[in-house]
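See below for the structure under consideration.
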Amino acid sequence: MPSTYERINKPPRQSFFLLGMRGVGKSTWVRAVLPDALHIDLLDERLYQDLLADPSLFAQAIGHLAPNDWVIVDEIQRLPMLLNEAHRFIESHRLRFALLGSSARKLKAAGVNLLAGRALNKTMFPLTAAELGSDFDLDRVLRFGALPLVWRNPEPHAVLEAYTQLYLREEIRAEALVRNLPGFVRFLPIAALFNGQAINVAGIARDAGVARGTVRGYLEILEDTLLVHRLPAFETRTRVRERKLPKLYWVDPGVVRAVKGQLGAVTAEERGPLLESWVLTTLRAHAGAWTGAPGETTRLYDEIAYWSPHQSDAEVDFLLRRGDELLAIEVKANDRYYTGLLKGLRAIAPAPGLNRRILVYTGRRSFRSADGIEVWPAARFAAEAAAGALWD
């Protein structure tokens with residue numbers, strides 16, 4: 001197993017924000033692709049305190065650099081005030097900045113739009129199947145996730161358990177993101193149980209013993225710290241009325257299992273939601289991946305949602321839209337194929353603009369059903385997503 005894996009993104013030629021949950025490999029990647037950059041790490045507590053007391057020290061540190069030189073600022077959300085200086089040096093000195101962060105919350109409050117048009121925005125995800133190559137093991141990913149710091153460690157249980165404590169200590173307590181820390185601690189494992197489900201705010205609030213408005217705020221924190229993604233319901237132009245509640249998906253299977261305190265063998269009940277969350281993370285990781293050319297990204301989709309008609313048990317896990325076309329993907333944690341797995345994909349067939357229907361399962365055979373639905377093993381799905389060939 002290599003010490004590092006080559007990531008799918010190529011460095012852009014202009015300043016950029018790179019966000020991602022802790023431990024996803026942002027710093028490792030940016031140091032590898034920008035080895036000559038000046039690195040300012042705001043996790044260095046002494047440096048952080050110095051800049052907090054006197055932000056002008058930032059300008060002094062970078063003022064000697066030449067045009068087109070790179071500056072890496074790690075954990076930029078800790079001192080968003082530095083964005084003003086970054087903006088100024090982009091304009092006046094033509095410096096380029098790699099601005100890394102594990103939370104979008106304080107950046108939103110500070111107004112990241114100060115750099116609109118001058119800095120690209122990207123999220124880094126756990127290791128994909130394409131990045132892992134021959135080391136990819138779906139069962140291991142579903143059990144322990146694919147964060148680099150976990151994947152390379154011989155004791156993934158211990159690392160994941162420590163990860164949740166680090167998250168609470170560094171992201172939540174240190175950054176004062178919540179006033180009621182005990183309530184948030186109760187909320188976390190309950191939110192983990194909702195992985196792959198429509199969000200029931202009232203139910204979560206009742207079980208966590210906090211107000212509904214508090215739960216909504218907690219969900220925003222999980223999303224802003226890049227641990228979860230809320231997947232909206234898709235509204236087609238058919239006469240069928242769809243459900244409106246978003247679904248909650250955790251970005252990494254290992255992290256959601258650690259938050260639940262459940263790191264043993266994956267149970268049959270867990271396997272389906274974990275596989276869905278892995279598929280969604282794979283899609284999001286490859287959507288908009290930087291190719292390295294100016295302004296060029298992989299256009300895997302424009303929007304992604306799920307589809308579920310009201311008062312029906314038919315559902316499609318992921319509906320991708322690109323332009324006027326739709327692509328439907330259903331995910332089943334089944335090793336054996338049977339026609340009942342196609343129920344949702346058959347129900348969505350009348351949707352206008354539907355280009356392709358794909359069932360992703362854990363079996364080994366690829367084939368096409370009599371009505372044109374393609375059945376793919378999970379490994380083939382990952383390869384097609386990496387190649388940008390889902391629409392072909």
Suppose we keep only residues that are more than 27 Å from the chain's Cα centre (by Cα), among the polar types (S, T, N, Q) and closer than 19 Å to P246 by Cα within segment 303-349. Which one would you say is modelled with the lowest pLDDT? Q311
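In this structure, does K108 turn out to be modelled with pLDDT under 95 and out of contact with any helix residue (DSSP H, G or I) (no Cβ under 8 Å at 6 or more places or on another chain)? So that I can check it myself, show each step before the final result.
Numbers: modelled with pLDDT under 95: yes; out of contact with any helix residue (DSSP H, G or I) (no Cβ under 8 Å at 6 or more places or on another chain): no.
Against the criterion (modelled with pLDDT under 95 and out of contact with any helix residue (DSSP H, G or I) (no Cβ under 8 Å at 6 or more places or on another chain)), K108 does not qualify.
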Need pairs with beta-carbon distance below 7 Å; first residue closer than 18 Å to Y48 by Cβ and within segment 157-181, second open to solvent by less than 30 Å² (accessible area, probe 1.4 Å) and assigned to a helix (DSSP H, G or I); sequence gap 6+ or separate chains. I172/F184; L177/E171; L177/I221
Looking at the structure I just gave you, is V150 aliphatic (A, V, I, L, M), over 30 Å from A129 (Cβ atoms) and not in a loop (DSSP other than H, G, I, E, B)? no
Please work out which one of (1) of a type in the set (S, T, N, Q); (2) outside any helix (DSSP H, G or I); (3) in contact (Cβ under 8 Å) with a residue 40 or more places away in the chain is the condition Q262 fails and give its number. (3)
State all residues of segment 336-369 that are touching a residue at least 40 places away in the same chain (Cβ under 8 Å) and surrounded by fewer than 16 Cβ atoms within 10 Å (Cβ to Cβ); if no residue qualifies, say none. P350, P352
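Got a sec? Which of L188, L193 is within 25 Å of D317 (Cβ to Cβ) and open to solvent by 60 Å² or more (accessible area, probe 1.4 Å)? Don't jump to the end; show me each part of the working.
Numbers: L188 fails: open to solvent by 60 Å² or more (accessible area, probe 1.4 Å).
When all the criteria are applied, what remains is L193.
Would you confirm, using the coordinates I've provided, whether Y5 is closer than 28 Å to A287 by Cβ and open to solvent by 20 Å² or more (accessible area, probe 1.4 Å)? Write out each step before concluding.
Working: closer than 28 Å to A287 by Cβ: yes; open to solvent by 20 Å² or more (accessible area, probe 1.4 Å): yes.
Yes, satisfied.
If you take the residues of segment 318-335 that are assigned to a strand (DSSP E or B) and open to solvent by 50 Å² or more (accessible area, probe 1.4 Å), which of them is nearest to L138 (Cα to Cα)?
K332
Just to confirm my filter: which helices (runs of 4 or more DSSP H) fall fully inside segment 16-80 and include at least 2 residues that are more than 30 Å from G145 (Cα to Cα), out of contact with any strand residue (DSSP E or B) (no Cβ under 7 Å at 6 or more places or on another chain) and open to solvent by 30 Å² or more (accessible area, probe 1.4 Å)?
Details: elements: 26-33, 45-53, 56-62.
The helices (runs of 4 or more DSSP H) meeting that bar are 45-53, 56-62.
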Working only within segment 1-47, note down all residues that are polar (S, T, N, Q) and in contact with a Phe, Trp or Tyr (Cβ under 6 Å, 6 or more places away or on another chain). N9, S15
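The values are calculated or read from the model by the stated rules, or taken from the named source; none is laboratory data. Owing to the predicted nature of the structure, the values given are computational and were not obtained by experimental measurement. When we count neighbours, we look across all protein chains shown, and the Cβ atoms used for this are built from the backbone with ideal geometry, even at glycine. Side chains included, ligands, DNA and RNA excluded: accessible areas come from the protein's heavy atoms. Shrake-Rupley method; radii C 1.70, N 1.55, O 1.52, S 1.80 Å.
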